[in-house]
Amino acid sequence: MELTKTKAYIPSKQLPDLNSLLSIKAKNKTNRPQQEQYPYIHFLYHLALASRILEKAPITANQLKLQGTNRWMQFQKLTFTEKYFVLLETFWVDANWAKMLGEHRNQIHHMFATVCKQLLDDKQIDFGFNTMLANLTRCWNHFFLHIEWFGFWVCEKDQEQIDKYGKKNDFYAKSISLTPFGENMLRILLESRDITVWNIPLRVEYGEVNPVPGSALPDMPSEKRTVNKKKPEAFHHAFDGLFPKRDLSQTLPRDSGTYTPGLYTFHVMWHVKVWRKITISSEHTMQDLHKAIIQAFNFDDEHLYSFFMDGEKWSPNCIASPNDDSGANAANIQIGSAGLHEGQHFMYLYDYGDEWIFTVTLENIAPLEGEPTAPVIIAEKGSAPEQYWDEEY
């Protein structure tokens with residue numbers, strides 16, 4: 001399906017039909033509902049994208065569609081327990097919690113650990129009597145339900161707070177009660193799967209590129225550098241003692257943290273009728289890719305730029321100009337170590353004033369024969385846009 005142009009979400013006309021397919025349905029009260037107002041759909045949308053079971057593919061430079069990937073078939077072959085752990089691992093390791101909450105920066109992780117430790121001690125938290133935790137969790141909204149859906153706790157809805165402070169379909173928790181299953185799971189998560197070490201979007205915010213979840217943290221944020229590549233054990237192995245081996249032995253493959261050698265072919269689109277196809281080696285840097293794009297479209301290289309790896313403009317998940325400290329330094333990041341995969345789409349934004357936006361798709365990674373050569377334009381369509389124009393004309 002085509003996604004909305006503003007947030008690349010599921011269109012409002014499709015949401016009621018999707019909602020009717022769920023076993024737990026949202027009771028929407030608005031005339032033109034948005035995706036966030038269907039918390040179950042919104043949650044699954046983020047998990048499906050973060051796990052790369054689904055992907056956002058470009059139709060044009062400003063229009064995206066949602067489509068399945070080959071990982072969907074791999075997911076279907078797993079046991080029910082393994083599917084559960086793929087979703088849990090995706091939530092814990094790959095999902096951006098700030099996006100789920102509509103926040104720009106991730107600040108929830110430390111609050112979550114505080115709440116979980118208190119819950120493990122007391123088994124129940126009544127937010128009416130614990131004002132400190134009530135204030136810490138005031139912005140959580142449906143995040144309370146995300147954790148409930150994993151079976152860790154049970155929420156009691158605070159209808160009085162919803163009526164007093166909330167918007168339509170907002171959620172406030174009056175209390176949360178720990179489940180026996182949640183007690184076992186949360187203890188393991190807090191003790192051996194520290195969220196600040198395992199969550200990739202959180203580590204990316206501090207300037208890492210292609211971090212290995214669970215590996216040692218570098219000194220951050222004083223220097224922007226790639227992570228120590230020591231590979232830790234698989235996420236689900238910490239829970240092996242809780243489940244029979246026949247139910248939990250496989251997961252979806254994870255390729256983060258590795259260097260992938262080869263000849264990379266990028267499709268760089270400004271418009272559906274204006275694009276260039278560029279080959280460049282894994283040993284070149286993201287700065288070299290920037291220069292290749294600039295030359296391919298006959299632009300002057302006089303402005304700052306950023307690669308927004310999640311496709312969202314001004315996202316903290318970016319690789320930026322050497323003179324821009326908002327992201328990892330593009331001159332220090334080799335293409336082969338950027339964690340790219342075939343079919344991946346990301347945004348290249350050049351000139352922070354005029355905001356020239358290009359959609360970049362990695363079409364292919366082929367074996368690299370011999371020494372790497374200079375980037376090459378192997379195909380093109382359409383005339384390049386004019387970088388500068390005469391306003392009087």
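List of remarks:
- Of K273, K313, the residue with the largest accessible area leads and the full order is K273, K313 (1.4 Å probe).
- Taking θ as phi - 60° and the Karplus parameters 6.51, -1.76 and 1.60, the scalar couplings of the range 139-149 work out to 8, 5, 6, 6, 4, 4, 6, 4, 6, 4, 5 Hz in sequence order, x denoting glycine and proline.
- The relative contact order of the chain, computed from alpha carbon pairs under 8 Å that lie at least 6 residues apart in sequence, is 13 percent.
- Here, P(r) means the percent of Cα pairs in each 20 Å bin from 0 to the largest distance; for the chain it is 25, 55, 19, 1.
- Here the chain is assigned +1 on the Cβ of each Lys and Arg and -1 on the Cβ of each Asp and Glu. Its dipole about the Cα centre then comes out at about 1660 debye.
- The packing ranking of peptides 36-48, 373-385, highest mean first, is 36-48, 373-385, where packing means the average number of other beta carbon atoms within 10 angstrom of each residue.
- Pairwise centroid distance, computed over Cα atoms, of the range 325-366 with the range 243-292, Å: 10
- H284 accessible area, assembled protein chains, probe 1.4 Å, Å²: 30
- With protein chains left intact and a 1.4 Å probe, residues in the chain average 51 Å² of accessible area per residue.
- The range 269-393 shape via C-alpha gyration tensor axes, a/c threshold 1.5: oblate
- Shape call, the range 1-145: gyration tensor on alpha carbons, a/c limit 1.5: prolate
- Integer Hz, Karplus 6.51/-1.76/1.60 couplings in order for the range 71-84, x for Gly and Pro: 5, 4, 5, 5, 4, 5, 7, 7, 6, 4, 5, 5, 4, 4
- A Cβ-based charge dipole, computed about the Cα centre of the range 312-367 with Lys and Arg at +1 and Asp and Glu at -1, lands at about 160 debye.
- Using C-alpha pairs under 8 Å with a sequence gap of at least 6, the mean separation divided by the residue count of the range 50-153 gives a relative contact order of 18 percent.
- The antiparallel fraction among DSSP beta bridges confined to the chain stands at about 95%.
- Mean separation of Cα pairs under 8 Å and 6 or more residues apart, divided by the residue count, gives the range 118-274 a relative contact order of 15 percent.
- Between 0 and 90°, nearest 10: helix 286-296 axis offset from the chain longest Cα axis: 50
- Considering only I357, M309, F299, the residue lying farthest towards the positive end of the dipole of the range 268-393 is M309, judged by Cα position with unit charges set on Cβ.
- Top positive-direction residue, dipole computed over the chain with Cβ charges, set L248, L44, Q334: L248
- Charge tally in the Cβ shell below 9 Å around R52, where Lys, Arg are +1 and Asp, Glu are -1, R52 excluded: -1
- Between T60 and V154, the simple label model (points 7 Å from Cα in the Cβ direction) yields a spacing of 5.2 nm.
- Counted by Cβ distance under 12 Å from I278, the other residues give a net charge of 0, where Lys and Arg count +1 and Asp and Glu count -1.
- For K65, nonlocal amide neighbours, meaning residues 5 or more places apart or on other chains whose placed amide H falls under 5 Å from its own, are L3, A57, I59.
The values are calculated or read from the model by the stated rules, or taken from the named source; none is laboratory data. None of these values were measured; they are calculated from a predicted model. Neighbour counts run over all protein chains shown; Cβ positions are idealised from the backbone, glycine included. Calculation scope for accessible area: heavy atoms of the full protein, side chains included, ligands and nucleic acids excluded. Shrake-Rupley method; radii C 1.70, N 1.55, O 1.52, S 1.80 Å.
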